[in-house]
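Asker: If you scroll down you'll find the structure; I have some questions about it.
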Amino acid sequence: MNREKYSEIHGALYQRAESLGYECAGFEIVSEAGMDILRLYLEMPGGIDIEDCERVSREVSEYLDTIEDDLPERYFLEISSPGLERPLFVIEDYRRFEGKEAQIYLKKGGRTLRGTLSGTTPDDEAVIMTSEGERRVSLDDIKRAHLIYIPQTGQKKTFKKIPKKKK
């Protein structure tokens, strides 16, 4: 799917999610285990739960039915939170998460860039500071990108270890 069509669909999904009180972080179409999946990422202060996913799924399904020519013939709709290693979809994501660690997978050569996001250029290129220096990358050259979760010093784990039972 080209950038123009992606932006059009993202805008429509964003409007529908926003009308329900959510933010559409982005969407992707992936193939896993031979199935095409349209994965829509939602954000909301305090997180999202299954009821949120159901509500948005009903609203978005109606829209997706109107653009079926731009989507795979058969696909599963999955509504999800972007999680700690949030995918980066649009140029605004690179601006919003400036100063955060990220990994960018390039389309050509299978190369991967890892470093700190440094914003964007006036030409809407993502800027990342890697160990090799500053790199500017056009969104058209990015296969996919995501933030990298780095635990903060002193941060408590969100789970407790359960001690093994003695025999």
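Asker: Collect the residues in the range 24-52 that are part of a helix (DSSP H, G or I) and either charged (D, E, K, R) or touching a Phe, Trp or Tyr at 6+ places or on another chain (Cβ under 7 Å) (or both), keeping them in residue-number order. Steps first, answer last, please.
Answerer: Initially, the range 24-52 is screened for residues part of a helix (DSSP H, G or I), giving 50-52.
If the condition is that a residue be part of a helix (DSSP H, G or I) and either charged (D, E, K, R) or touching a Phe, Trp or Tyr at 6+ places or on another chain (Cβ under 7 Å) (or both), then Glu51, Asp52 are the ones that fit.
Asker: Do the conditions hold for Arg55, that is, is it in a helix (DSSP H, G or I) and not β-branched (Val, Ile, Thr)?
Answerer: Yes.
Asker: When you scan the range 92-99, do you find a residue that is farther than 27 Å from Cys53 by Cβ and touching a strand residue (DSSP E or B) at 6+ places or on another chain (Cβ under 6 Å), even just one?
Answerer: Checked the range 92-99: at least one residue is farther than 27 Å from Cys53 by Cβ and touching a strand residue (DSSP E or B) at 6+ places or on another chain (Cβ under 6 Å).
Asker: A further question follows. Could you list all residues from the range 125-140 that are of a type in the set (D, E, K, R) and surrounded by 14 or more Cβ atoms within 10 Å (Cβ to Cβ)? Steps first, please.
Answerer: So the first thing to find is which residues in the range 125-140 are of a type in the set (D, E, K, R), and the list is 125, 132, 134-136, 140.
Across the range 125-140, the qualifying residues are Glu125, Arg135.
Asker: Check the range 98-106 and report whether any residue there is in a loop (DSSP other than H, G, I, E, B), within 24 Å of Ile142 (Cα to Cα) and open to solvent by less than 30 Å² (accessible area, probe 1.4 Å).
Answerer: No - not one qualifying residue is present in the range 98-106.
Asker: Suppose we filter the range 110-126 for residues that are within 11 Å of Ile91 (Cβ to Cβ) and in a strand (DSSP E or B); how many remain?
Answerer: Number of matching residues: 4.
Asker: With respect to Leu71, is the statement that it is open to solvent by 40 Å² or more (accessible area, probe 1.4 Å) and among the aliphatic types (A, V, I, L, M) true?
Answerer: No; evaluated as a whole, the condition is false for this residue.
The values are calculated or read from the model by the stated rules, or taken from the named source; none is laboratory data. All figures in this text were calculated on a predicted structure; none of them were measured in a lab. Note: ideal-geometry Cβ built from the backbone for every residue, glycine included; neighbour counts use all protein chains shown. Areas reflect the complete protein model, heavy atoms only, side chains present, ligands, DNA and RNA absent. Shrake-Rupley method; radii C 1.70, N 1.55, O 1.52, S 1.80 Å.
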